[in-house]
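First the structure, in the form of structure tokens, and then the observations on it.
Every read-out reported here was derived from the displayed coordinates using simple, explicitly stated rules and does not represent laboratory data. All values reported here derive from a predicted model rather than from experimental measurement. Cβ: placed from backbone, ideal geometry, glycine included. Neighbour counts: every protein chain shown.
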Amino acid sequence: MIHPSAMVGEPPETREVLRDPAAAERAAGRWFPRIAGSAHVGPFVTVDSGTWRHTSVCDGALLLAHSHVGHDALIGRDAEICTGAVIGGHAEIQAGAKVGLNATVLPFRIVGRGAVVGAGAVVTKNVPAGEVWAGNPARKLEDHERDPRPHTERGILAAVETMPTREFDHDAVREAWEAIRP
Ligand SMILES: CC(C)(COP(=O)(O)OP(=O)(O)OC[C@H]1O[C@@H](n2cnc3c(N)ncnc32)[C@H](O)[C@@H]1OP(=O)(O)O)[C@@H](O)C(=O)NCCC(=O)NCCS
């Protein structure tokens, strides 16, 4: 699903392209991004067109709200790019890897299969598969006993446990939505 507010196929913001509108059009059209059918592209996501290959987002990948995927980048199968994260041009986020909230992966870097990049990290070196890196510049977090549940799930469960329980009024929500729908 590609959210209607997402911008897929923006020309890459290189100097040449910004100076030359015709080059911008060529760049956006020639290497238009390839987004797999089962990928999720959330609200206000931007995905640049490529400059020498297609920017690609593979099956099951999640691009959450306000994230950005730079030109020629590859987002692997089931990888998760969290809200506000920025993936530099030509970077590769391999299958099942997760890039945390507001993290930045510099151009050409590789985040290996199943690796986790912590919230707010700046990845300046390749992250080996399965490792957890955080900080600016990002470094490997020493192994310690981790909660076996995914980090996001831990947060969600904690929040749910403290929420007051009440009936969710689906009809009221639907009515409110119908009233404001354009
Ligand atoms: C990096 C991360 C995976 C580590 O999780 P964890 O293994 O459970 O780590 P802990 O919370 O036990 O923290 C371990 C240490 O790393 C530090 N740390 C944790 N996350 C950090 C981050 N993002 N940046 C810098 N340091 C971090 C902690 O302060 C702690 O340091 P200390 O030992 O000096 O006290 C996690 O903190 C994170 O950032 N996850 C991303 C969450 C996210 O973006 N979710 C998206 C929702 S869509």
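Numbers at a glance
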{"read-out": "Gyration tensor verdict on region 30-85 (Cα atoms; rounded if a/c is under 1.5, prolate if a/b is larger than b/c, oblate otherwise)", "value": "oblate"}
{"read-out": "Prolate/oblate/rounded call for region 33-138, Cα gyration tensor, a/c under 1.5 rounded", "value": "rounded"}
{"read-out": "Residue list for region 51-73, given a label point 7 angstrom along the Cα-to-Cβ vector of PHE108 and an amide N cut-off under 20 Å", "value": "51-56, 69-73"}
{"read-out": "Segment GLU142-ALA172, length gained on full extension (0.36 nm per residue, minus Cα span)", "value": "6.0 nm"}
{"read-out": "Length released on extending from MET1 to ARG53, taking residue separation times 0.36 nm less the Cα-Cα span", "value": "16.5 nm"}
{"read-out": "Estimated FRET transfer efficiency (GLU131, LEU18; beta-carbon r; R0 45 Å; 0.05)", "value": "0.80"}
